[in-house]
Amino acid sequence: MTEATETEETTADQPRPPQQRQHGPGGPGMGAPSEKADNFKASGIRLVKLLGPEKWLVWLVVVLGAGSVALSVVGPKILGNATTVIFEGFLAGGIDFPKLHGILLWVVIIYIGSAILGLAQGFILNGVTQRTIFRLRESVEDKVHRLPLSYFDTHQRGDLLSRVTNDIDNISQTLQQTLSQVFTSVLTVIGILIMMFSISWELALVALISIPLTAVVVAQIAKRSQPKFVAQWKHTGELNSQIEEGYTGHALVKLFGRQKQTAKEFAAKNEELYEASFGAQFISGIIMPSAMFIGNLVYVVIAVVGGLRVASGTMTLGDVQAFIQYSRQFQQPISQLGSMANLLQSGVASAERVFELLDAEDQDPDVEPAQTPEDDHGRLVFEDVAFRYVEDKPLIEDLNLEVWPGRTVAIVGPTGAGKTTLVNLIMRFYELDSGRITLDGTDIAAMTRADLRSRTGMVLQDTWLFGGTIRDNIAYGRTSATEEQILDAAKAAYVDRFVHSLPDGYDTVLDDDATNISAGERQLITIARAFVAQPQVLILDEATSSVDTRTELLVQRAMAELRKDRTAFVIAHRLSTIRDADLILVMENGSIVEQGNHAELLQAKGAYARLYEAQFAAPIDEVEEPQDPHVPPEPPLSLPPDAPVALDPVVAAHDTGEVPIVDEPHEGAPQT
């Protein structure tokens, strides 16, 4: 099993930018979203198409909504009849109460039926929306696992998390709040228009004037607010990235006294988000008052004209009362449609960001049918391998290497030489430009990634442990591992030495960052995880660089045990950790400039010897204090030839292979 993410050593002259080729990242145009909506209509249509699997339920929602609206729009007409009965009875000197009671009973039944159908519509639509968002989250999760490693190298982690969480939540709220209202509002407008024309086509034409006026106003306002909503969610992602970065690196922020600078950068990003959000909400907030203003003007015209027609005897008072009620109901769904424009714009802006992630180019699919090595020895061969992150900047050229099973190959060289890139190519985190790499005679490009990585184990410099028990973290290397295999791996990796000092032993729950154990103990657990996986090929990438010297000896002994009978690659900056390697490769600028064992390379006095001397040579150019000429110099300290020499326990342990016993309390234990 591999660690979650691999980090690459790069220099300023060898960056890792987006790659514009098939096996690179998401392809051209996969950077941060622009501040202007690329295609509002296309994104909106695509968002609606997400409801496709629920189309029959959507049609049922439409039918229920139509029934609910039909009953609700018939109510005012029947209620108008009741008004006519009262008015005519008042003029005649007596009201027909039995007839009035019958009309009112029908009105109550109609409104109760409309409410029941509306509740059923809302219940079904809620299920449709939640299942749609569930499938969208699944699609995004699957997409994240299909993305190449280069995509994560070129996109901020906080922005990616914002797309997966905030943007999808915003889409969910948009669908939940707008779908039901859109269906109901559109059907209500149609139903009310039918009833209006059945009463008076002249007044109905007056009411229709509000539709184009409102549409023009909404379109003009929406055109100005949409870019603001896109910018709002873009700045939300950027602010999340900055918060996530500042939180994970809060210790360094305090160490270098950068709190004020970090707060200043946060304030600047927060101000950008405030301005975009304020602009989006303010501009879109004008829609509702504008629609209501137009509706009130139409209402006044209808009331005046209707009153004149009642006075002239061409309309009954009940019809005018029903028509005025319809005019108010008619303006309400139009105003709702206008007010939903800001929700729709915000939701579509989030949908664009999510669709941008879903449209990113996948890693190359596994070949079919895939090949499987017949042997399980772990023999790796590089044949004319070439690779570059940037088209015009070669990194690895014409690399040829053969590693036999059971051998340990150390890779050394300056930062940016291509050491970690080499193992990334073995894991197929990146695809080759040319050449091939074979495992036991099988081209790794012809194998499935799952098969290749199941035969390979990695222990990285940056330990990754999830929130769970120590036992679960060790078993992560192989989910089918038995309790005995987990304990054997823990003992081989020296985890068993410290785990019994913890209150709950192997059931100790680690927090998200595993801060309740030391860095060295975290590293030992990752080695135990690799032990459980029992890989054919082992990759150790600076696995001891962040631990203390005593713990380093335990880690080295654990790694030495882990390397037995396996093909092992060790990436190291500290040359003392790879002196016993069978083969040492010295890399510079992506090429192997020297190879051999430790003694041979020192004798060659080449690049490896220069690196070794840089680490272990005695300090030079020491400034000597001036001697007083009247004071004789102190004689040099000399020891008898047979006097024992006291060695540093760590150095002695390195030479003898034994771990020194040091009375050092366990991290977290009370100090005495």
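The values are calculated or read from the model by the stated rules, or taken from the named source; none is laboratory data. Since the model is a prediction, treat every value here as computed from it, not as a measurement. Cβ coordinates were reconstructed from backbone atoms using ideal geometry, including for glycine residues, and neighbour counts include every protein chain displayed. Accessible surface areas use protein heavy atoms only, side chains included; no ligands, DNA or RNA. Shrake-Rupley method; radii C 1.70, N 1.55, O 1.52, S 1.80 Å.
Here are some notes:
- Among (1) more than 25 Å from Ser350 (Cα to Cα); (2) assigned to a helix (DSSP H, G or I) - the single one Gly257 does not satisfy: (2)
- The set of residues from the stretch 103-131 being out of contact with any helix residue (DSSP H, G or I) (no Cβ under 7 Å at 6 or more places or on another chain) and either of a type in the set (Gly, Ala, Ser) or open to solvent by less than 30 Å² (accessible area, probe 1.4 Å) (or both) comprises Ala115, Gly127.
- In the stretch 132-148, of all residues being of a type outside the set (Val, Ile, Thr) and surrounded by 18 or more Cβ atoms within 10 Å (Cβ to Cβ), the one that is farthest from Val61 (Cα to Cα) corresponds to Pro148.
- Of the criteria (1) within 26 Å of Ile86 (Cα to Cα); (2) of a type in the set (A, V, I, L, M, F, W, C); (3) within 45 Å of the chain's Cα centre (by Cα), which one Leu337 fails: (1)
- Enumeration of residues in the stretch 443-461 that are part of a strand (DSSP E or B) and either buried (at least 19 other Cβ atoms within 10 Å of the Cβ) or among the hydrophobic types (A, V, I, L, M, F, W, C) (or both): Thr456, Gly457, Met458, Val459
- Looking only at residues in the stretch 482-536 that are at positive phi and either part of a loop (DSSP other than H, G, I, E, B) or among the acidic types (Asp, Glu) (or both), the one that is nearest to the chain's Cα centre (by Cα) is Ala514.
- Qualifying residue in the stretch 400-409 (condition: farther than 27 Å from Glu361 by Cα and without any contact (Cβ under 8 Å) to a residue 40 or more places away in the chain): yes
- Candidate set: the stretch 160-178, residues that are modelled with pLDDT of 85 or more and β-branched (Val, Ile, Thr); chosen: the one surrounded by the most Cβ atoms within 10 Å (Cβ to Cβ): Ile171
- Inside the stretch 149-159, residues that are of a type in the set (Asp, Glu) and either surrounded by fewer than 20 Cβ atoms within 10 Å (Cβ to Cβ) or over 14 Å from the mean Cα position of the chain (by Cα) (or both) make up a count of 0.
- Note on the stretch 582-600: residues that are open to solvent by less than 40 Å² (accessible area, probe 1.4 Å), closer than 25 Å to Leu395 by Cα and at pLDDT 80 or above total 7.
- Search result, residues across the stretch 469-485 that are touching a residue at least 24 places away in the same chain (Cβ under 8 Å) and open to solvent by 10 Å² or more (accessible area, probe 1.4 Å): Thr469, Arg471, Ala475, Tyr476, Arg478, Ala481, Gln485
- Against the conditions (1) surrounded by fewer than 13 Cβ atoms within 10 Å (Cβ to Cβ); (2) at pLDDT below 75; (3) closer than 25 Å to Asp167 by Cβ, Phe278 satisfies every one except (2).
- Every condition in (1) in a helix (DSSP H, G or I); (2) at pLDDT 75 or above; (3) open to solvent by less than 90 Å² (accessible area, probe 1.4 Å) holds for Gln603 except the one numbered (3).
- When the residues of the stretch 218-250 are filtered to those that are of a type in the set (A, V, I, L, M) and more than 19 Å from Arg163 (Cα to Cα), the one that is surrounded by the fewest Cβ atoms within 10 Å (Cβ to Cβ) is Ala219.
- Residue in the stretch 169-179 that is farther than 30 Å from Ser327 by Cα and of a type in the set (D, E, K, R) present: yes
- Residue pairs meeting the criteria (Cβ under 7 Å; at least 6 apart or on separate chains; first farther than 20 Å from Ile221 by Cα and open to solvent by 50 Å² or more (accessible area, probe 1.4 Å), in the stretch 290-317; second assigned to a helix (DSSP H, G or I) and hydroxyl-bearing (Ser, Thr, Tyr)): Tyr299/Ser327; Thr316/Thr84; Leu317/Thr83; Leu317/Thr84
- Residue tally, condition part of a helix (DSSP H, G or I) and free of Cβ contacts under 8 Å to residues at least 40 places away in the same chain, over the stretch 241-254: 8
- Looking only at the stretch 393-431, residues that are closer than 17 Å to Gly378 by Cα and touching a Gly at 6+ places or on another chain (Cβ under 6 Å) come to 1 in all.
- Positions within the stretch 505-535 being open to solvent by 10 Å² or more (accessible area, probe 1.4 Å), more than 14 Å from Met458 (Cα to Cα) and in contact with a helix residue (DSSP H, G or I) (Cβ under 6 Å, 6 or more places away or on another chain), in sequence order: Gly505, Tyr506, Thr508, Glu521
- Filter result (part of a loop (DSSP other than H, G, I, E, B) and modelled with pLDDT of 80 or more) within the stretch 35-91: Leu50, Leu51
- The strands (runs of 3 or more DSSP E) falling completely within the stretch 332-439 that include 1 or more residues that are of a type outside the set (A, V, I, L, M), open to solvent by 10 Å² or more (accessible area, probe 1.4 Å) and in contact with a Ser or Thr (Cβ under 9 Å, 6 or more places away or on another chain) map to 380-387, 396-403, 408-412.
- Number of positions in the stretch 199-217 that are among the hydrophobic types (A, V, I, L, M, F, W, C), surrounded by 13 or more Cβ atoms within 10 Å (Cβ to Cβ) and out of contact with any helix residue (DSSP H, G or I) (no Cβ under 6 Å at 6 or more places or on another chain): 4
- For the residues Thr165, Thr154, the requirement of being under 19 Å from Gly237 (Cα atoms) and free of Cβ contacts under 8 Å to residues at least 12 places away in the same chain singles out Thr165.
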